1. Below 9 angstrom from the Cβ of residue 333, what's the summed charge of the other residues (Lys, Arg +1; Asp, Glu -1)?
2. Computed from the coordinates I sent, Cα extents along the principal axes in Å equals one of [x] 67, 58, 40; [y] 85, 58, 47; [z] 66, 55, 42. Tell me the label.
3. By how many nm would the segment from residue 103 to residue 398 grow when fully extended, if each residue of separation counts as 0.36 nm and the alpha-carbon distance is taken off?
4. Which of 287, 444 has the fewest other C-beta atoms within 10 Å, and how do the rest follow up to the most?
5. How would you rank 44-51, 84-91, highest first, on the average number of other Cβ atoms within 10 Å across their residues?
6. Once R0 is set to 35 Å, what does the formula 1/(1 + (r/R0)^6) return for the Cβ-Cβ distance between residue 41 and residue 423, expressed as a FRET efficiency to the nearest 0.05?
7. If you keep only loop residues by DSSP, which trypsin sites (Lys or Arg not before Pro) in the stretch 230-282 have at most 15 other Cβ atoms within 10 Å of their Cβ?
8. Work out the FRET efficiency for residue 298 and residue 448 from their Cβ-Cβ distance, taking R0 = 60 Å, and round it to the nearest 0.05.
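Every number in this text was worked out from the coordinates using simple rules, so none of it is lab data. Because the structure is a prediction, the values reported are computed rather than measured. Here the Cβ positions follow ideal geometry from the backbone for every residue, glycine too, while neighbour counts run over all protein chains shown.
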Amino acid sequence: MAYASIDPTNGERLRDYDTWDAGQLEAALAAVAAARPAWAATPIARRGTHLRALAALVRKRRAALAGLITAEMGKLNREALAEVEKCALVCDYYAEHGPAFLADEAIASDAARSLVAYQPLGTVLAVMPWNFPLWQVFRFLAPALMAGNCGLLKHASNVPGCALAIEALVRDAGLPADVFRSLLIPAAEVAGVIRDPRVHAVTLTGSEPAGRQVAATAGETLKKSVLELGGSDAFIVLEDADLAHTVPQAVASRFLNCGQSCIAAKRFIVVDAIADDFLARFKAAVEDLRPGDPREPATSLAPMTRADLRDELHQQVEKTLAAGAERVTGGAHIDGPGCFYQATILDRVGPDMLAWDEELFGPVATVIRVADEDEALQVANATRFGLGGSVWTADRARGERLARALECGAAFVNGLVKSDPRLPFGGIKASGYGRELSRHGIHEFVNTKTLWLG
């Protein structure tokens, strides 16, 4: 069996990568297990020096890494460049703040001295998706390494070049051999790796079915897991929103990465009093998006990553239209080579329609009209997902009140939902559990250990 790296812009087969046999997998697991004790014992200041070197190398190879992202999954090159820079930023962030996050915490008790120590948990397996093929890995990798853990990566099968590039970065930046390895194995072998006693925890970013499988296996073996799954983020537009600011942010929030993002706005919940005005402006802005080669500066709508995902998205659109939604713009494949799909808006989506309940992972915006903010909040929370959401209003206090009431892991007022190394990131409900980034993320994969000294 082989992984195929295929350019979604034109369908060109870039390279085949052979998947590993049992001997290659065993060798990698053994090598990481052997490297783990020395890395865990490495002073934290030294780990920070390694992370800074990794950040510097990421920046040095920025153009080549961005080109690889664009070639393997089709992201606009300017978005890929930003993704690479974000990977460097998260390394710098944990190099700077990791020592404070992991410092012993003194707590008064009946002991002469008592404290909490944060010690590495062991080796963490990361099962990662293709849509942000470097960033999704680095937001796990930087805190895991800083905490003294080792890392294993099972990346998505369509971005093997990115997986191996990350391994090369860690190696070439001078980190000790085998503290991080990419595993070129099929998905069917992930459960066996989780069960391996040399693996101590697992983190996954991906689909609900994959999350259930990983969580079940981790639970069966009593190993820590963190899951970041799908999302159907609400983008609530109240009647006092500044549309000159809100509409461009709506376009960015939905169509960044060709809409292939868990935290993209997917349900635009708009109060009736402003709905027609919002929709007219939104339609005009969306129709200005220009599909084309993602390497070209004039292109503003990238291809989808795979043809099967584009076809699945189109079926979701067709079923939603058949149930009574209105097509505002788009809703079809774009003729020619590559995996292109029109930027699409569906209006008057209701609770009996597919787009109301399912995540649409591509360049399709769903508009839901509501009477007022109370109904907007009710609709926003009437979903099994709970990743992110945003509120758009001229009244910041009003926006904060609604944001606090949103059932999600991250709520933004007058800003699009994004991940930030300084803030915890993750969801609730069917969007998963646990947190990445910030102090909270680095503490997910440590032993929070009580020390009582009499």
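1. Every neighbour counted, the sum reads -1.
2. [x]
3. 102.4 nm
4. 287, 444
5. By packing density, highest mean first, the sequence is 84-91, 44-51.
6. Calculated value: 0.70.
7. Here no trypsin sites (Lys or Arg not before Pro) fit, given the DSSP loop and packing criteria.
8. 0.70
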